[in-house]
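Undergrad: Could you have a look at this structure, given as structure tokens, before my questions?
The values are calculated or read from the model by the stated rules, or taken from the named source; none is laboratory data. Please read all numbers here as calculations on a predicted model, not as lab measurements. Glycine also receives a Cβ, built like all others from the backbone with ideal geometry; neighbour counts cover every protein chain displayed.
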Amino acid sequence: MPARRFALARIPAEGAEELPVEAWLAALASLPAVGPARLRALLAIDTPAELWTRLQGPPLPELVEVAGKRDLYEQWHRTAIGLDVACLWTRHREHGVGVAALGTPGYPAVLCDDLEPPAVVFHQGDPQVAHGPRVAIVGTRRCTRYGSDVAFELGRDLAMAGVGVVSGLALGIDAAAHAGALDAKGAPPIAVVGNGMDKAYPERNRGLWRAVAERGLLLGEAPLGAPPERWRFPARNRIIAALADVVVVVESHASGGAMHTVAEAAARNRVVLAVPGPVRSSASDGCHELLADGCGPCRDADDVLLALGMSGAEAVPLDSRPDPDEFGQQVLEALGWQPADAEQIRVRSGLEMSQVAGAVEGLRAAGWVAVSGRWIERVGIPR
Amino acid sequence: MLATIPASVLSGITGHPVSVEVHVSVGLPTFTVVGLPDAACREARDRVRAALLSSGVKWPPGRITVNLAPSGIRKEGPGLDLAIAMGVLVADDQLPAEALADTAFLAELGLDGCLRAVPGVLPQVRCMEANAIVVAPESAAEAALASGPVVRAPSTLQELLSALRGEEAWPDPPVSGLANARDEAVDLADVRGQHMARLGLEVAAAGGHHLLMIGPPGAGKTMLARRLPGLLPPLDESTAIEATMVHSATGLDLPSSGLIRRAPWQAPHHSASMIALVGGGSRTLRPGAVSCAHGGVLFLDEMGEFAPQALDALRQPLEEGVIRVNRATAAASFPARFLLVGAMNPCPCGELGQPGMCRCTPLARLRYARRLSGPLLDRFDLRIHVGRPEVSDLFDAPPGESSAEVRKRVDRARAAARERGAASNSELPDDTLDHLAPLDPDAKSLFSHAIAEGRLTARGFQRVRRVALTLADLAGQEPPLTGGIVAEALFMRTEPVTVAHDPWSLPNARP
């Protein structure tokens, strides 16, 4: 039985010469637990096509050493026998996913002289997009309304000023930044993703994912079919840091993916800016730590443009929201810019509870406040 | 040699008349009970024999056969004890049959000859066609509610026998009152602050709208809900009888007057099974908590912790006001028209602080939100957030309005609903709303905004409209409904669990 499988797998391998080097790289990247470091180590041994043939044969000591563990090598061996490289290559072409190997003309220039350049990148959309100035907007998935508003605003204003917004298409801050960039219809957004481009992750961002692929650029190190495994995201963060001229942290908990991106940015001498938040909000803890360490504050897009050495952004669109009525005005004054619940607003404004309830709902319909659960928050941007 | 005594048994919450036939004949001394008795019923043999002997009556030597007719239905419980004892005495000629003519018996016997109360006296008395009925003194008030037969309530077998033989007069029925006078000690005036929750309770009581309170642990959700029965109007005649029958059959305490007038309160723990909640059982069909809350309040604390299956079983009674329970051997339908009040935390961590303080991941919140199914959630017209009271409210504010003051407004709103032909606004049919609750332009634009935002379904729209009508009734406003009133009603229907502060996910992001 094993002999027969081997024979079957050899048939497409007969035409090995016809497949480009990218196809073999995609196949190597599809091996279980092969990240940037292992891929680099493998490529130091032999050419991709030769490596593949060697993996199908008896175990070689240097390959086993790269795998580290014997059973991982066994998995590679089985994958190398079972996987049809030509078929994988065809799937990439069908999905419109471009594959660029390091050192070939299609490879993003900005990544060429990086500390750890990916040996191969996969992209969907227009690769030319990565040329102009780029700013990464990163932050937590567990963001507050304040954070997602600021991220949206930054994304929109920077895109309008012609700056490519780089982020990771995760929930929370990432999604808000991309949504803002798409809203501006300015410079196209760039998303660096952790899994194969055949499946949107997280599922809830499917719409954003598609929109970025259509109007901007999706970039990643994972071939089609690669699941969103945990270890892929730190590697993804390093590409975000490498792509960006400036990294802006909008909201981050004291330890989080965004802080990892900041560390990668620091290793590459990129400017890092942090958005200040309420000092009591744990969602802003990471930003405040950065600010305390001497990182520059980011209050709006102008701060970012200054760090990029560009002039101010274009005029912000006019506030189109209808003026609040009398009760609404009182509620807004009592609310301020900190979240409050209806009971607090009642105490501060001196209105009746039913008046507060009515006024808040009116403000919400007009776009002045957002209600999330018990909390009522003032919204900065008109939508 | 043969005696037939009318009695009854309970099935579900309805009584079934039973004839107790006793035959005493010459033969070896035996005592058999036939006619599908259960264990408690078969043990009647020993209780009856001991009770008769200790009351100074001779036990007939010979063969005694007791038949419980109709023989096809199962007889459960000890309620036939007294009837069997009487049958034995009549069949043995120790009592004249005429003395017992048209008299039914319904009590358990103690070994010393005392009469003990049994559950479900009211429904059982209602099913019998006797002129007089003998029950234990504790059941006298309840039996009198049937307003049919004359109620006799001797406390012992001896008293009963001497009255039947005409040696002494029937003892007076026990004086009701005093002993059971448990008055509602909880009042809304004890609640400081919490104006949102007070408003929610008032609207729920006035319009019969189901209420979901969402708040961190310790915010006072249970304390607030406990005050809702005090705001509800007293039960009307038929509901009071139905509620009393359920409570009687279930063996719950009845008020001293016998009739339940005050809205009942049921608060089952979240470990309750589906059967405990809606009623049922394998052989004996018992009413569940929903039926015990008939006419009153069913309070489900920690709603997210209930078994999803148990919660979804509430949907039918919420819709129809009755619960029909079917088993292979029996079927019963119990009344279940109640006001549902739920309480839950905003997220698994309880969200003690402000936004940004919650430690739950978006996925954990999403999972928590799914504990309540959409259809069940949709039935809560009022979903309000309850926070911890403001410090200034705890110390400086004057005490809030008392339950009595709020009840005046509730009564006014209920009267307005009655003029529209419903007990409360929540029961108004959809097709009458266009006519009864027209909208002014402001209100229309608020509704269209909420529907466009995806916050409101078509059914949700009608439900909010009913709440707005109740708010208008409470404020003494005439239709059409204004924008302010509708905004208030919309605000009182918030999303229970904030899934994520992530308004950018799918729909807005489309280019």
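Undergrad: Quick check on residue B:391: is it within 14 Å of another protein chain (Cβ to nearest Cβ) and farther than 20 Å from residue B:214 by Cβ?
TA: It is true that residue B:391 is within 14 Å of another protein chain (Cβ to nearest Cβ) and farther than 20 Å from residue B:214 by Cβ.
Undergrad: Would you list the helices (runs of 4 or more DSSP H) that sit entirely within the stretch B:349-424 and hold 1 or more residues that are under 25 Å from the mean Cα position of the chain (by Cα) and in contact (Cβ under 8 Å) with a residue 40 or more places away in the chain? Even if it seems obvious, please write down each step before you answer.
TA: Working: elements: B:362-369, B:374-378, B:391-395, B:403-419.
Output list reads B:374-378, B:403-419.
Undergrad: Oh, and also: If we scan the stretch A:366-377, do we find a residue that is closer than 30 Å to residue A:257 by Cβ, within 14 Å of chain B (Cβ to nearest Cβ), part of a loop (DSSP other than H, G, I, E, B) and modelled with pLDDT under 85?
TA: Yes.
Undergrad: What tally of residues in the stretch A:341-358 results from selecting those that are facing chain B (nearest Cβ under 8 Å) and within 38 Å of the chain's Cα centre (by Cα)?
TA: 3
Undergrad: Ok, one more. Given the criteria hydroxyl-bearing (Ser, Thr, Tyr) and within 11 Å of chain A (Cβ to nearest Cβ), does residue B:329 qualify? Step through it out loud before you land on a result.
TA: Numbers: hydroxyl-bearing (Ser, Thr, Tyr): yes; within 11 Å of chain A (Cβ to nearest Cβ): no.
Here the answer is no, as residue B:329 does not meet what is asked.
Undergrad: Among the strands (runs of 3 or more DSSP E) contained in the stretch A:119-172, which hold 2 or more residues that are within 14 Å of chain B (Cβ to nearest Cβ) and crowded, with 24+ Cβ neighbours inside 10 Å? Give the derivation first.
TA: On the way: elements: A:120-125, A:134-138, A:164-167.
Ranges flagged: A:164-167.
Here is a yes/no grid of residues against (1) small (Gly, Ala, Ser); (2) in contact with an Asp or Glu (Cβ under 6 Å, 6 or more places away or on another chain); (3) over 19 Å from residue A:300 (Cα atoms):
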| position | (1), (2), (3) |
| --- | --- |
| A:170 | yes, no, yes |
| A:174 | no, no, no |
| A:198 | no, no, yes |
| A:207 | yes, no, yes |
| A:221 | no, no, yes |
| A:224 | no, yes, yes |
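Undergrad: Can you tell me which of B:2, B:80, B:53 is touching a residue at least 40 places away in the same chain (Cβ under 8 Å), surrounded by fewer than 18 Cβ atoms within 10 Å (Cβ to Cβ) and of a type in the set (A, V, I, L, M)? Steps first, answer last, please.
TA: On the way: B:80 fails: surrounded by fewer than 18 Cβ atoms within 10 Å (Cβ to Cβ); B:53 fails: touching a residue at least 40 places away in the same chain (Cβ under 8 Å).
Within the list B:2, B:80, B:53, the selection yields B:2.
Undergrad: Also, I was wondering about something else. If residue B:324 satisfies every condition in (1) surrounded by fewer than 19 Cβ atoms within 10 Å (Cβ to Cβ); (2) over 23 Å from residue B:9 (Cα atoms); (3) under 19 Å from the mean Cα position of the chain (by Cα) but one, which is the exception?
TA: Answer for residue B:324: the failing condition is (2).
Undergrad: Kindly check whether there is at least one residue in the stretch A:269-283 that is under 21 Å from residue A:127 (Cα atoms), touching a helix residue (DSSP H, G or I) at 6+ places or on another chain (Cβ under 7 Å) and buried (at least 24 other Cβ atoms within 10 Å of the Cβ). Spell out the reasoning first.
TA: Of all residues in the stretch A:269-283, those under 21 Å from residue A:127 (Cα atoms) come to none.
Scanning the stretch A:269-283 turns up no residue that is under 21 Å from residue A:127 (Cα atoms), touching a helix residue (DSSP H, G or I) at 6+ places or on another chain (Cβ under 7 Å) and buried (at least 24 other Cβ atoms within 10 Å of the Cβ).
Undergrad: Sticking with this one: Does residue B:476 count as facing chain A (nearest Cβ under 8 Å) and modelled with pLDDT of 85 or more? Walk me through it before giving the result.
TA: Numbers: facing chain A (nearest Cβ under 8 Å): no; modelled with pLDDT of 85 or more: yes.
It is false that residue B:476 is facing chain A (nearest Cβ under 8 Å) and modelled with pLDDT of 85 or more.
Undergrad: Enumerate the pairs (first residue in the stretch B:447-459 and farther than 14 Å from residue A:364 by Cβ and small (Gly, Ala, Ser); second residue anywhere and crowded, with 16+ Cβ neighbours inside 10 Å and modelled with pLDDT of 85 or more) with beta-carbon separation below 7 Å, excluding pairs fewer than 6 apart on the same chain, so at least 6 apart or on different chains.
TA: If the second residue must be crowded, with 16+ Cβ neighbours inside 10 Å and modelled with pLDDT of 85 or more, no pairs are left.
Undergrad: Write out, first by first residue and then by second, each pair whose Cβ atoms fall under 7 Å of each other, whose residues are 6+ apart or on separate chains, and whose first residue, in the stretch B:230-252, is closer than 15 Å to residue B:11 by Cα while the second is outside any helix (DSSP H, G or I) and among the β-branched types (Val, Ile, Thr).
TA: If the second residue must be outside any helix (DSSP H, G or I) and among the β-branched types (Val, Ile, Thr), the pairs left are B:245/B:13; B:246/B:13; B:247/B:260; B:249/B:13.
Undergrad: Among (1) more than 14 Å from chain A (Cβ to nearest Cβ); (2) modelled with pLDDT of 90 or more, where does residue B:443 come up short?
TA: Condition (1) is where residue B:443 drops out.
Undergrad: Across the stretch A:245-263, what is the number of residues that are among the charged types (D, E, K, R) and surrounded by fewer than 24 Cβ atoms within 10 Å (Cβ to Cβ)?
TA: Kept after step one, since they are among the charged types (D, E, K, R), are these residues of the stretch A:245-263: A:245, A:251.
The next check asks that each one be surrounded by fewer than 24 Cβ atoms within 10 Å (Cβ to Cβ); those that pass are A:245.
Adding up the residues that qualify gives 1.
Undergrad: Given the criteria hydroxyl-bearing (Ser, Thr, Tyr), surrounded by fewer than 20 Cβ atoms within 10 Å (Cβ to Cβ), in contact with a Ser or Thr (Cβ under 7 Å, 6 or more places away or on another chain) and modelled with pLDDT of 90 or more, does residue B:65 qualify? Even if it seems obvious, please write down each step before you answer.
TA: Values: hydroxyl-bearing (Ser, Thr, Tyr): yes; surrounded by fewer than 20 Cβ atoms within 10 Å (Cβ to Cβ): yes; in contact with a Ser or Thr (Cβ under 7 Å, 6 or more places away or on another chain): yes; modelled with pLDDT of 90 or more: yes.
Answer is yes for this residue.
Undergrad: Hey, residue B:75 hits all of (1) at pLDDT 90 or above; (2) touching a helix residue (DSSP H, G or I) at 6+ places or on another chain (Cβ under 8 Å) but one; which does it fall short on?
TA: Of the numbered conditions (1) at pLDDT 90 or above; (2) touching a helix residue (DSSP H, G or I) at 6+ places or on another chain (Cβ under 8 Å), the odd one out for residue B:75 is (1).
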